[in-house]
Amino acid sequence: MTRTADLATAALLLLIGLIAVVDSLRLGAGWGSDGPKSGFFPFWLGTLLLVVTVVIAVQAWRRGPGKPFVTREQLRPVMQVLWPAVAMVALTAVIGLYVASALYLAFYMRWVGRHRWLTVVLISIGIPVVTFLVFEQWFLVPMPKGPLETWLGY
Amino acid sequence: MGLENLLLGFSIAVTPFNLFVAVVGITLGTIIGVLPGLGGANGVAILLPLTFTMPPTSAIILLTSLYWGALFGGAITSILFNIPGEPWSVATTFDGYPLARQGQGGQALTAAFTSSFVGALFSIVLITLFAPLLAEIALRFGPPEFFAIQLLTFSSFVGLGGGNPLKSLVSILLGFILAAVGLDIVTGQLRMTFGITDLMKGFDFIIAVIGLFGIGEILLSVEEGLTFRGAATGMNLKVVLQTWKILPRYARTFVRGAFIGFWMGFKPGGATPASFMSYAFAKRFSKHPERFGKGELEGVVAPETAAHAAGVAAILPMITLGIPGSPTAAVMLGGLIIWGLQPGPLLFTEKPDFVWGLIASMYTGNIIGVLMVLAGVPFFAAILRVPFAILTPLIVVVCAVGAYAVHSSMIDVWYMMIFGVVGYVFKKLDYPLAPLVLALVLGDLAENALRQSLIMSQGSLTVFFTRPIACVITVAALFFLFMPILTPWWRRLRGLPPTPSAPAEA
């Protein structure tokens with residue numbers, strides 16, 4: 001339900017506000033010898049965040065449960081994008097960004113899009129190659145590389 | 001004086017390389033504007049790392065051209081596919097899509113591009129005239145004035161942003177808190193890092209932009225189910241010329257839209273309310289208000305003129321005050337700092353070639369832009385016919401590449417994913433994202449301005465009221481901040497019904 005989501009978000013925001021306030025108090029939130037101390041600005045930000053979030057939570061509570069925040073049918077495609085993307089980022093550290101993104105593209109195109117293998121292979125190899133040429137060769141911005149690039153001599 | 005500066009600017013903007021850069025920027029920008037999940041702000045953010053090795057003037061021309069392209073591209077999807085690429089193109093769908101359904105797509109697109117061009121040109125002329133004056137005034141600003149302007153920036157999000165003002169306030173506070181994480185440059189102390197080395201660098205707003213707008217947006221689009229059922233473009237030279245013959249009829253709408261756009265646009269969060277306001281005015285003053293919403297050409301002209309006038313006007317505070325008016329301007333401001341320029345009024349005296357090159361390139365960029373989009377509509381519309389199972393992972397990969405490239409750091413890619421989920425949830429719960437990004441950008445600047453002001457007054461807040469300029473700005477800021485409380489009260493006093501709130505800024 002939207003209310004549950006609103007309240008959960010509010011709880012997280014309260015936690016952030018609390019962290020800001022507690023850490024600011026540690027640093028000192030008052031007036032030092034040379035002006036406001038380190039914690040001065042974050043202290044007031046955190047305090048204000050706590051107050052506003054409580055009001056939002058009360059508003060959300062009064063409004064009633066509302067529509068479902070997300071239905072199972074809506075969540076499915078979202079997770080289909082999200083989890084493979086997380087896997088790609090995790091794999092990047094091991095096999096480099098180019099190979100990881102090629103696998104991600106191929107996986108998504110085949111699994112969700114059910115494209116023909118020829119299309120899948122051409123696009124999932126073509127796009128990392130173009131990225132490589134533009135970033136690595138043309139603009140000299142290096143990307144994380146893995147064993148394949150080492151084997152190819154980069 | 002002003003004229004010779006502008007000529008200097010043109011001598012820089014009209015070199016073959018810079019014109020080439022503008023063409024590349026507009027092409028990429030229009031593609032980005034057409035694609036779901038990519039808009040001006042994250043398009044600029046992703047390309048930013050590519051500009052590190054370019055001369056600053058060419059770099060800013062690339063990024064601004066990208067922005068113009070994205071503004072034009074938003075109109076294509078609004079009219080042909082009924083999908084507003086950006087929040088300020090929502091009003092364009094009201095009459096643009098019905099026109100396209102009736103086979104008048106070519107006419108609607110021509111009107112939209114021409115209006116955008118007129119609106120943009122109007123704002124550029126005003127920027128050319130007023131930017132040097134504003135910069136000169138800003139040179140006399142001290143910390144209290146700058147803090148007052150920051151306050152105005154954020155209170156206008158609360159007062160004018162639409163949606164729940166408290167949620168706008170939360171976004172701002174969250175942005176400022178995230179900005180405070182890491183090393184405090186004034187005292188050298190670490191804030192909210194809890195001994196974690198990765199947190200010492202803090203959060204980069206460019207990563208936040210890519211995650212919140214890029215990943216967040218793509219998650220939202222797949223949730224809604226990406227189905228593009230486009231109307232035919234029906235675009236050719238004859239239609240363009242015929243539409244140009246009709247358009248002078250709407251001269252008043254053009255002027256009104258341009259004024260509304262510029263006036264709303266140089267304040268933050270202005271483009272969306274400007275487009276709605278311009279649409280509402282056009283409808284009210286029309287002889288045939290009943291035709292609006294069913295395919296009235298004036299209903300395309302009005303919001304497009306205002307939105308582009310506002311989009312261009314957002315550059316004004318960025319180059320004169322160093323305070324961006326929109327997330328896209330914020331990313332450009334970040335670029336300025338990376339290229340080794342100090343944003344703010346000193347730019348006009350210290351880097352006149354950069355500032356005037358930029359201003360002149362706004363003329364050339366928009367002229368090239370309007371011609372390119374008029375000619376290229378079939379090509380740009382064809383992008384949306386690429387299957388979504390290819391587009392979706394492609395956009396995710398592009399975002400990841402962009403996020404990594406900013407600092408060559410893997411942790412940034414993880415932050416981007418987290419910001420993506422946050423953006424998805426926030427968007428669904430109507431927390432606006434633009435103020436969060438702006439607060440993250442301006443965090444350190446705002447805090448330093450506040451500290452210095454308080455040191456000047458030995459800790460008293462009266463410093464914001466005793467200096468005349470600061471006082472005017474602070475009072476205006478407080479007015480906007482409390483507007484959500486004052487408006488219902490004022491309307492009740494006059495016996496008017498409460499207003500329905502405008503949709504929240506992205």
Q) Restricted to region A:55-74, and to residues that are more than 10 Å from chain B (Cβ to nearest Cβ) and among the hydrophobic types (A, V, I, L, M, F, W, C), which residue is surrounded by the most Cβ atoms within 10 Å (Cβ to Cβ)? A) A:ALA57
Q: Quick one: which residue in B:GLY265, B:GLY225, B:GLY270, B:GLY234 is more than 14 Å from chain A (Cβ to nearest Cβ), at pLDDT below 85 and within 27 Å of B:VAL422 (Cβ to Cβ)?
A: B:GLY270
Q) For residues in region A:107-141 being of a type in the set (D, E, K, R) and loosely packed, with under 12 Cβ neighbours inside 10 Å, which is farthest from the other protein chains (Cβ to nearest Cβ)? A) A:ARG116
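Residue by residue, here is whether (1) under 23 Å from B:PHE17 (Cα atoms); (2) of a type in the set (Lys, Arg); (3) out of contact with any Gly (no Cβ under 6 Å at 6 or more places or on another chain) holds:
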position: B:PRO303; (1), (2), (3): no, no, yes
position: B:HIS308; (1), (2), (3): no, no, no
position: B:GLN342; (1), (2), (3): no, no, yes
position: B:ASP353; (1), (2), (3): yes, no, yes
position: B:ILE359; (1), (2), (3): yes, no, no
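Return the only residue of B:ILE383, B:ILE395 being away from every other protein chain (no Cβ under 14 Å) and among the β-branched types (Val, Ile, Thr).
Working: B:ILE395 fails: away from every other protein chain (no Cβ under 14 Å).
So the residue among B:ILE383, B:ILE395 that is away from every other protein chain (no Cβ under 14 Å) and among the β-branched types (Val, Ile, Thr) is B:ILE383.
One line per residue, one yes/no per condition, for (1) in contact with a Pro (Cβ under 8 Å, 6 or more places away or on another chain); (2) part of a helix (DSSP H, G or I); (3) surrounded by fewer than 24 Cβ atoms within 10 Å (Cβ to Cβ); (4) in contact (Cβ under 8 Å) with a residue 24 or more places away in the chain:
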| residue | (1), (2), (3), (4) |
| --- | --- |
| B:GLU304 | no, yes, no, yes |
| B:HIS308 | no, yes, no, yes |
| B:ILE319 | yes, yes, no, yes |
| B:ILE323 | yes, no, no, yes |
| B:MET332 | yes, yes, no, yes |
| B:ILE337 | yes, yes, yes, no |
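Rundown of residues vs (1) in contact (Cβ under 8 Å) with a residue 24 or more places away in the chain; (2) surrounded by fewer than 18 Cβ atoms within 10 Å (Cβ to Cβ); (3) over 29 Å from B:ALA302 (Cβ atoms), yes/no style:
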| residue | (1), (2), (3) |
| --- | --- |
| B:ILE177 | no, no, yes |
| B:VAL181 | no, no, yes |
| B:ILE207 | yes, no, yes |
| B:ILE218 | yes, no, yes |
| B:LEU237 | no, yes, no |
Q: Would you check if A:GLY96 is in contact with an Asp or Glu (Cβ under 7 Å, 6 or more places away or on another chain) and more than 8 Å from chain B (Cβ to nearest Cβ)?
A: yes
Q: Considering each residue of region A:87-101, count those that are touching a residue at least 40 places away in the same chain (Cβ under 8 Å) and either surrounded by fewer than 17 Cβ atoms within 10 Å (Cβ to Cβ) or under 16 Å from the mean Cα position of the chain (by Cα) (or both), and give that number.
A: 3
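Is it true that B:GLY299 is more than 14 Å from B:PHE117 (Cα to Cα) and surrounded by 24 or more Cβ atoms within 10 Å (Cβ to Cβ)?
Working: more than 14 Å from B:PHE117 (Cα to Cα): yes; surrounded by 24 or more Cβ atoms within 10 Å (Cβ to Cβ): yes.
Judged against the criteria, B:GLY299 is a match.
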Q. For the subset of region A:142-154 comprising residues that are over 15 Å from B:VAL406 (Cβ atoms) and assigned to a loop (DSSP other than H, G, I, E, B), which member is nearest to the other protein chains (Cβ to nearest Cβ)?
A. A:GLY146
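A quick yes/no check of all residues on (1) closer than 27 Å to B:PHE205 by Cβ; (2) among the aromatic types (Phe, Trp, Tyr); (3) touching a helix residue (DSSP H, G or I) at 6+ places or on another chain (Cβ under 6 Å); (4) surrounded by 24 or more Cβ atoms within 10 Å (Cβ to Cβ):
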{"site": "B:ALA45", "(1), (2), (3), (4)": "yes, no, yes, yes"}
{"site": "B:SER65", "(1), (2), (3), (4)": "yes, no, yes, yes"}
{"site": "B:GLN102", "(1), (2), (3), (4)": "no, no, no, no"}
{"site": "B:SER115", "(1), (2), (3), (4)": "no, no, yes, yes"}
{"site": "B:ALA138", "(1), (2), (3), (4)": "yes, no, yes, no"}
Q. Does region B:150-163 contain any residue that is surrounded by fewer than 19 Cβ atoms within 10 Å (Cβ to Cβ), out of contact with any Pro (no Cβ under 7 Å at 6 or more places or on another chain) and in a helix (DSSP H, G or I)?
A. no
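To keep it simple, each residue is scored yes or no on (1) at pLDDT below 85; (2) assigned to a helix (DSSP H, G or I).
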| position | (1), (2) |
| --- | --- |
| B:ASN42 | yes, yes |
| B:PRO49 | yes, yes |
| B:MET54 | no, no |
| B:ALA59 | no, yes |
| B:LEU62 | no, yes |
| B:SER65 | no, yes |
| B:GLY74 | yes, yes |
Q. Here are some residues: A:LEU12, A:LEU45, A:LEU82. Which one is more than 9 Å from chain B (Cβ to nearest Cβ) and in a helix (DSSP H, G or I)?
A. A:LEU12
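Within the group B:LEU358, B:LEU341, which residue is touching a Pro at 6+ places or on another chain (Cβ under 9 Å) and either surrounded by 18 or more Cβ atoms within 10 Å (Cβ to Cβ) or in a helix (DSSP H, G or I) (or both)? Write out each step before concluding.
Numbers: B:LEU358 fails: touching a Pro at 6+ places or on another chain (Cβ under 9 Å).
Result of the check over B:LEU358, B:LEU341: B:LEU341.
The values are calculated or read from the model by the stated rules, or taken from the named source; none is laboratory data. Remember, predicted model here, so these are calculated numbers, not experimental data. Cβ atoms come from the backbone with ideal geometry, glycine included; neighbour counts cover every protein chain shown.
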